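One structure is given here, and the rest of the page talks about it.
The values are calculated or read from the model by the stated rules, or taken from the named source; none is laboratory data. Predicted, not measured: the structure shown is a model, and the values here were computed from it. Note: ideal-geometry Cβ built from the backbone for every residue, glycine included; neighbour counts use all protein chains shown. These accessible areas exclude ligands, DNA and RNA; they are computed on the full protein's heavy atoms, side chains included. Shrake-Rupley method; radii C 1.70, N 1.55, O 1.52, S 1.80 Å.
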Amino acid sequence: MGSLGHSKGAGLLAGTAVVVCTAVAMSGAAVAEPSPIRDEAEQLGRAKARLAIAHGELEDLAIRAETAVERYHGELVKLERAREDHRAAQQRLTDAERRHQEAQAELAKYAANAYQAQTGGTPWAAVIAGRDGPQQALERAALIEMMNRHRTGAVQKVEATRNVAQVFRARATAALRAQQEATRRAQTAKQDAERAVAHQRAVTVRLKAEKERAERILKAARREEAAPPLRSAPLSQGTGRELPAFVRGSRRGITVVKAALRWLGTPYSWGGGNAKGPSYGIAHGAHIKGFDCSGLALYAWAKVGVRLDHWTGTQWTSGPHIPLDQLRPGDLVFFARNTADPDTIHHVGIYLARGQMVEAPYTGARVRISSIWRHGLIGATRPAG
């Protein structure tokens, strides 16, 4: 401390003391005297560490919640397909039963005609019972053969239509069971997602408080604004009505990007977003009009006539995969918990330019522009259609 005897050193020490006392007071620790410079550095390091941990936990919570939400979206898509399969199977069963009934009616009609022939109710009896020589005998034989063939054909037709009806009945039953199982999976996925989002929201409150405390310490220690957030700052602010001049691409891609940029600042809503724009979502998003990540992608691409499911799973397979060094405006950029496994995709953004994308990030956030260069980037797709 002797080397700080000059006035300049004394001023630095005084400033340091103020900073350290402020930081200690905010952290809840009590000290009798100002700490030395190395204590200030340690305090600053701890604040940085707490800030990094809070950012990491928030990011992990967002990923977990979004994974659960997208799994639920996937189960909804599968449930709708199961319902369509069941409806189709029921229609085929109805058609098969109608044909079986028609075949039974035809056989009954034949039986009635045969009975009338045996009792003299029709000319058949006279032909069959006739005694007028060889010619009549041949005609009688031919008629009997024809009637036998008709009877055999009618019986076979009844049997065949019965078999077909049984096959379609079994398929309809299996389709119903598949629909019931899909409904159960969707309900389970929804409950899981609700729990994940509720946990995220609860922990986010605590972590945000920790972040704010750490940022105040950093601000006091550095005498400048708090450290920037983990994700990149937006390229521009406002409504997004004006496209940055450097964003260049196909007319279709530019239309997609403009559609997404229009809704910058719109709240994240779980299940929100359709081809018409922001909408009220489900569960925690039921009272929030906005978008979730796949809902924003669905909306933007609908503007160029491409229909996407409300699920990152099928959005990933909606077109060719594009190398990251060949991205164009409008391409969909995906993030996964395991970048070697597309089944773990949980988030999608709409590529803008210069490594930036438009995204609906997570519960509590708003549609924004962010960097694509972050953990979990698995690849990109250019939807076809």
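Data for the structure
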{"quantity": "All positions within the stretch 268-297 that are surrounded by fewer than 24 Cβ atoms within 10 Å (Cβ to Cβ) and either more than 17 Å from Pro361 (Cβ to Cβ) or at pLDDT 95 or above (or both)", "calculated": "Asn274, Ala275, Lys276, Gly277, Pro278, Ser279, Tyr280, Ile282, Ala283, Ala286, His287, Lys289"}
{"quantity": "Residues within the stretch 255-267 that are open to solvent by 50 Å² or more (accessible area, probe 1.4 Å) and either in contact with a strand residue (DSSP E or B) (Cβ under 8 Å, 6 or more places away or on another chain) or of a type outside the set (Ser, Thr, Tyr) (or both), tallied", "calculated": "3"}
{"quantity": "Failed criterion for Ala165 (all others in (1) farther than 30 Å from Tyr72 by Cα; (2) of a type in the set (Gly, Ala, Ser); (3) out of contact with any helix residue (DSSP H, G or I) (no Cβ under 8 Å at 6 or more places or on another chain); (4) at pLDDT 70 or above hold)", "calculated": "(3)"}
{"quantity": "Which numbered condition Thr344 misses (of (1) more than 22 Å from Gly56 (Cα to Cα); (2) open to solvent by 30 Å² or more (accessible area, probe 1.4 Å); (3) in contact with a Lys or Arg (Cβ under 9 Å, 6 or more places away or on another chain); (4) touching a residue at least 60 places away in the same chain (Cβ under 8 Å))", "calculated": "(1)"}
{"quantity": "Flag if Thr314 is assigned to a helix (DSSP H, G or I) and touching a helix residue (DSSP H, G or I) at 6+ places or on another chain (Cβ under 9 Å)", "calculated": "yes"}
{"quantity": "Residues (out of contact with any Leu (no Cβ under 8 Å at 6 or more places or on another chain) and assigned to a loop (DSSP other than H, G, I, E, B)) located in the stretch 348-361", "calculated": "Gly355, Pro361"}
{"quantity": "Residues located in the stretch 68-87, provided they are open to solvent by 40 Å² or more (accessible area, probe 1.4 Å) and of a type outside the set (Asp, Glu)", "calculated": "Arg71, Leu76, Lys78, Arg81, Arg83, Arg87"}
{"quantity": "Qualifying residues in the stretch 368-383 (those that are assigned to a loop (DSSP other than H, G, I, E, B) and in contact with a strand residue (DSSP E or B) (Cβ under 6 Å, 6 or more places away or on another chain)) - the one most open to solvent (accessible area, probe 1.4 Å)", "calculated": "Arg382"}
{"quantity": "Residue check for Arg252: farther than 25 Å from Gly364 by Cβ, assigned to a loop (DSSP other than H, G, I, E, B), open to solvent by 20 Å² or more (accessible area, probe 1.4 Å) and among the charged types (D, E, K, R)", "calculated": "no"}
{"quantity": "Sole exception among (1) over 19 Å from Ala82 (Cβ atoms); (2) modelled with pLDDT of 75 or more for Ala125, by number", "calculated": "(2)"}
